[in-house]
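Working notes, structure below.
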Amino acid sequence: MLLQMLRVRRLEERCVELYSAAKIRGFLHVYIGEEAVAAGVLESLSADDTVVATYREHGHALLRGVPAGAILAEMYGRVEGCCRGRGGSMHLFDAATNFYGGNAIVAGGLPLAVGLALADKMSGRPHVTVCFFGEGAVAEGEFHESLNLAALWDLPILFCCENNLYAMGTALVRSESQTDLALKAASYEVSAWAVDGMDVLAVEQAARTAVDAVRSGAGPHFLEFRTYRFRAHSMFDPERYREKAEVVAWQARDPITLLRSSMEENGQLTADDWTQLQSEAESEVAAAVKFAESGTLEPVEDLTRFVYSERRAP
Ligand SMILES: Cc1ncc(C[n+]2csc(CCOP(=O)(O)OP(=O)(O)O)c2C)c(N)n1
Ligand SMILES: [Mg+2]
């Protein structure tokens, strides 16, 4: 999990640079600081399970198994990208790894996840659908409709709320009368609790407990991961809504540093191991950049493809 968090961190640090160099265009939302949530939760899933995420999903896609090159090529708008360069940063999608996006609409992933879980239930498949979303989603009607139906129909779904305290510039306390999100979920008869989202071991343990319960037929579960994004909301955010001191305080609990220090203290990680992990993550990113750089742009003649299905009716 240390390596997994590091892979996401290095990939996104490079994305920020490439964005500044205008290699990546459009919107870009990085997950830096929140990596323990994706790393811990995805560690608890099997390959057949389904994952739905938001526009802050580069890490989820990578750890689900989408190659770093296909992710970066997608951001570059290249045909070699996981969606032929048509989705970009916010719409990574990969059917092969059951990664159902990459959804740009706040709370838009929740009804999709409920539908996917309903399909599994109706087909008798023992899979779990995991849906990631920010705390900003709880202000949307879709959140309430989705939790209600998931509980009413007893669906195999785990809702993972990544509570990083802000929805763009709006702090949770400024938009919600009830800020205890597990309590909100519990009001729909969904089993719910809060977890330290900076501690990857705590995340993994909570996720494993919840996923096992969901898989064994205990119905929908909800985990609120208390986390923090160290960077701006997106590349266009002057960050006027929070104090620098708050960011610095949370950076002291950087999930990568926390795990690294505790492993070093317990004699589970040597200086050489750390160097090795770093170079592994760095060479993966370097290869991905090379892959994206050498990718091809879609020919203009293909511009209108995929608007309608290309399969003819029988
Ligand atoms: C329905 C909808 N309303 C508004 C927006 C604009 N918007 C994009 S991100 C965002 C904030 C969402 O915050 P949160 O759910 O906490 O996720 P985070 O960005 O913190 O990961 C908003 C309001 C949108 N994409 N979709
Ligand atoms: Mg948020």
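Read-outs: derived from the displayed coordinates by stated rules, not from any lab. Quick caveat: nothing in here was measured; it's all calculated off a predicted structure. As a convention, Cβ positions derive from the backbone with ideal geometry for all residues, glycine included, and neighbour counts pool all protein chains shown.
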- Task: Name the residues whose placed amide hydrogens come within less than 5 Å of the amide hydrogen of Phe222, ignoring near sequence neighbours (fewer than 5 apart) on the same chain.
- Result: Phe159, Ser191, Ala192, Trp193
- Placing +1 on each Lys and Arg Cβ and -1 on each Asp and Glu Cβ in the chain, then taking the dipole about the Cα centre, the residue among Gly141, Leu155, Ala186 whose Cα reaches farthest towards the positive end is Gly141
- Of the listed peptides 209-222, 23-36, what is their order by residue-averaged count of other C-beta atoms within 10 Å, with the highest listed first? 23-36, 209-222
- In terms of the alpha carbon gyration tensor, root eigenvalues a ≥ b ≥ c, rounded if a/c is under 1.5 and otherwise prolate when a/b exceeds b/c or oblate, the chain is rounded
- Query: At what distance in angstrom do the alpha carbon centres of the range 1-60 and the range 190-230 lie from each other?
  - Reply: 18 Å
- Arrange the following residues from fewest to most other Cβ atoms within 10 Å of their Cβ: Leu201, Leu158, Leu72. Leu201, Leu158, Leu72
- Task: Convert each backbone phi in the range 172-178 into a coupling constant with the Karplus relation 6.51 cos²θ - 1.76 cosθ + 1.60 (shift: θ = phi - 60°), then list the ³J(HN,Hα) values in order as whole Hz, x for Gly and Pro.
- Result: 3, 5, 8, 10, 10, 6, 10
- Item | Segment Ser309-Ala47, length gained on full extension (0.36 nm per residue, minus Cα span) | 91.5 nm
- Task: For Arg240 and Glu189, compute 0.36 nm times the residue count separating them, minus their Cα-Cα distance, and round to one decimal in nm.
- Result: 14.6 nm
- Query: Ordered by residue, what ³J(HN,Hα) values in Hz, to whole numbers, does the range 122-132 give under the Karplus form 6.51 cos²θ - 1.76 cosθ + 1.60, where θ = phi - 60° and Gly and Pro are x?
  - Reply: 5, 8, x, 8, x, 9, 10, 9, 10, 10, 9
- Message: Restricting to DSSP loop positions (anything but H, G, I, E, B) with no more than 13 other Cβ atoms inside 10 Å of their own Cβ, which chymotrypsin sites (Phe, Trp or Tyr not before Pro) remain in the range 230-298?
- Response: Phe236, Tyr241
- Message: Could you derive backbone 3J(HN,Hα) for the range 95-101 from the dihedral phi with the Karplus parameters 6.51, -1.76 and 1.60 (θ = phi - 60°), listing whole Hz in sequence and x where the residue is Gly or Pro?
- Response: 4, 4, 10, 6, 9, 8, x
